[in-house]
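The values are calculated or read from the model by the stated rules, or taken from the named source; none is laboratory data. The model shown is predicted, which means the values in this text are computed figures rather than measured ones. In this analysis, Cβ positions are derived from the backbone assuming ideal geometry, glycine residues included, and neighbour counts consider all displayed protein chains.
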């Protein structure tokens, strides 16, 4: 995908060349809000995950998968004590076919909507919980299930000093859709550890651990990555932006009939809209 390479290259140049925010407390506060999945701040991340050597081990057919997640976060004030945080994920994928020499499959996968109910008053421990809904919007059957799926989601974090540490977990089960379609039972856990540095810089690790409980073979169930990266809060004109680049190695990954890849580079451009 040419647009993916252009996006990555252009953003890396911007990350090095554009001026950062003023060296004051506001840069660190904005970084912490950007790292908080349920912050009371509108944000629109564009997250590009590039996975190399994607394919099925037994077929020895390898190529590159591009996954662009568009993830708007919108906080809604419910009352004086509670907020609702709407987190939507729109996945746009380009990936090779597991067999043959056909062109890669491209399109939209299943859209996910999460509503976190979270206390509006700040405390040392921040948390949110609510329903997760996966909508069968996949434009190709190889990009996502045709089943409607849902389940609970939960997030918890704390911000001691310059740190932002927490985790987000969910599990979804299929509850409607074509009777002949395979059932869905998927688990996701994303822990995140961020350390904020001067001038808007930070060090970050936020791997996404997943399990497909429906896989009969245990070697196709889990994907467990490890990695680290860095980011910076800056402004493009008057617009606050969070840029991040991370590298992950899938220490545990499917090796049977499920396509996977050992290495992933994650690049994110997150537009921030803090309350004035």
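Assorted remarks:
- Condition check for residue 184: crowded, with 18+ Cβ neighbours inside 10 Å and under 30 Å from residue 81 (Cβ atoms): no
- Taking the range 107-165 as the range and being more than 20 Å from residue 196 (Cα to Cα) and free of Cβ contacts under 8 Å to residues at least 12 places away in the same chain as the test, only 141 passes.
- Every listed requirement among (1) surrounded by fewer than 18 Cβ atoms within 10 Å (Cβ to Cβ); (2) over 21 Å from residue 274 (Cα atoms); (3) in contact (Cβ under 8 Å) with a residue 12 or more places away in the chain is met by residue 179 save one, (3).
- Residues in the range 240-262 include at least one that is closer than 17 Å to residue 45 by Cα, touching a residue at least 60 places away in the same chain (Cβ under 8 Å), in contact with a strand residue (DSSP E or B) (Cβ under 7 Å, 6 or more places away or on another chain) and surrounded by fewer than 19 Cβ atoms within 10 Å (Cβ to Cβ).
- All strands (runs of 3 or more DSSP E) inside the range 57-153 with 3 or more residues being within 30 Å of residue 164 (Cβ to Cβ) and either modelled with pLDDT of 95 or more or in contact with a helix residue (DSSP H, G or I) (Cβ under 9 Å, 6 or more places away or on another chain) (or both): 63-70, 73-77, 82-95, 111-119, 125-135
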